[in-house]
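I have placed the structure first, in the form of structure tokens, so that the comments after it can refer back to it.
The values are calculated or read from the model by the stated rules, or taken from the named source; none is laboratory data. What you see is a predicted model; the values in this text were computed from it and never measured. Positions of Cβ are backbone-derived with ideal geometry, glycine not excepted, and every protein chain shown enters the neighbour counts. Side chains are part of the model used for accessible areas, which takes the heavy atoms of the whole protein and leaves out ligands, DNA and RNA. Shrake-Rupley method; radii C 1.70, N 1.55, O 1.52, S 1.80 Å.
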Amino acid sequence: MSDIKSCPACGGRHVSEIYRLDAIPVQSCILLDSEEEARAFPRRPLVLMFCDGCGFIYNRVFDLAMVDYASTTEESQHFSGTFNRFARDLVAEIAGLYDLGGQQTLEIGCGKGDFLQELARQTGTRALGVDPGFIPERLPGADGHDISFQREYFDPATITEAPDFVVCRHTLEHVPEVGRFMHDIARVIDGRQEVGIFFETPDVRRVLEEGAFWDIYYEHCSYFTLGSHARLFRREGMDVNRLYLAYDDQYIIQYAAPGAGKAALPQEEDLDAVRALAAAFPEKVAAIRRHWTDFVRSRHRDGKRVAIWGGGSKGVSFLTTNGLGEEVAQVIDINPFKQGKYLPGTGHLVSAPEDLTETPPDTVIVMNPIYLPEIGAQLADMGLEPELVAV
Ligand SMILES: [Zn+2]
């Protein structure tokens, strides 16, 4: 296990601890076939450090070897209508900004390939997707587009065609050595000024502000704000052209290009504010953890059935961070690949929404507020009216 004492983003030594968990499941997207296997799933500590120099937050004791992305991870959010609309709109935005017809796009961490396929459909780009967890059987087919995939971690040595456009969504937060990663991207771009770069990464500022402990889990070893995200790229000699929060302010969207030294955007200047948030975080997160533990335990004591909607990382973190188990009766997920499987840590069985009609819950805790309308409508369709709250 590594123990990183200087900032992996900027190399600074002025780093301080802001959060510590003794033992959390090393994978929270994984699906287990039995309750026993799920409960016995390996755990490791997490120690979040804040870099005073650049605002980057990272898990000091992260061990990449514990996370097997080539196994049965189930990160795809593409079963939600809300997420699909968001991804389609993003592709439309990219298509409006870049002329990618016949150009070569590289997507690092392409997951199951859905986004790349939509990008090819809307822009006519040729494309290569790289991801150790890519499952060929899951993709409906290239549909006449020139798309290929490499089932491996991103390594500049295996990228044979220099890309004109680089896409990287929900991947940077899984990379421990983010400085070296940017270096590798610069290598495949190879100084060509016309290359476009698109990144989408979870934003940690809201996590700091809200004490959102469910958004902190083992696979996420690196955490960014708008400013620390942009600073990472500028350090590698890139310009940041467009930078904003999307998806209910949960994700950082950033467009960059090999740089000519453009001035920082106003929204990058967040270091003082983030320093203050980091300093207040230990107390904030402790209070929020107490709130949700009390919320669940008091309902359980009153004989109420509590269900959690969302069998992904947030749900696993929500349960395991606070040691909740039998107090939560059910875990629901719309992703059919998760249903019938067990959550690492607590060993909860993941059920389909339809299963709620047999055992109606009194309270449903939604793991992502953006899905509240979607979930509320689905519950109403089933004739259910439980107390519905979002974290
Ligand atoms: Zn730093």
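Here are a few things to note about the model shown:
- Amide H within-cut-off set for GLY325, under 5 Å, with H built and near neighbours excluded: none
- Spin-label model, ILE135/GLU210: points 7 Å from Cα along the beta carbon direction are separated by 2.9 nm.
- Three-way shape call for region 295-390 based on the alpha-carbon gyration tensor, with the a/c threshold at 1.5: rounded
- Accessible surface, per residue, of the chain when the full set of protein chains is kept, probe 1.4 Å, Å²: 40 Å²
- FRET efficiency for THR293 and ARG192, using Cβ-Cβ distance with R0 set to 41 Å, rounded to 0.05: 0.20
- Of the residues THR346, LEU356, LEU384, the one whose Cα sits farthest towards the positive end of the charge dipole of region 328-391 is THR346 (charges of +1 on Lys and Arg Cβ, -1 on Asp and Glu Cβ, taken about the Cα centre).
- About the centre of its Cα atoms, region 295-390 shows a dipole size close to 400 debye [charges on the beta carbon of Lys, Arg (+1) and Asp, Glu (-1) only; nearest 20 debye].
- In Hz, Karplus ³J(HN,Hα) per residue of region 242-249 (6.51, -1.76, 1.60; θ = phi - 60°; x = Gly, Pro): 8, 8, 7, 9, 9, 6, 6, 6
- Förster radius 56 Å - calculated FRET efficiency between ALA329 and ARG235, Cβ distance, rounded to 0.05: 0.70
- When restricted to Cα atoms, region 155-210 yields an Rg and a Dmax of 13.4, 44 Å, respectively.
- Axial C-alpha extent at least 15 Å, average Kyte-Doolittle at least 0.5 - helices from the chain (DSSP): 178-189
- The charge dipole of the chain, taken about its Cα centre with unit charges on the Cβ of Lys, Arg, Asp and Glu (plus for the first two, minus for the last two), comes to roughly 920 debye.
- Ordering of 202-208, 382-388 by burial proxy (mean other Cβ atoms within 10 Å per residue, highest first): 202-208, 382-388
- Label-point separation in nm, LEU372 to ARG301, each point 7 Å along Cα→Cβ: 2.6 nm
- In nm, spacing of pseudo-spin labels at GLU385 and GLU93 (7 Å Cα→C-beta vector): 3.8 nm
- Cα-based shape type of region 81-261, given that a ≥ b ≥ c are square roots of the gyration tensor eigenvalues and the cut on a/c is 1.5: rounded
- Per-pair calculated FRET efficiency, R0 = 25 Å: ALA65 and GLU37 via Cβ, rounded to 0.05: 0.80
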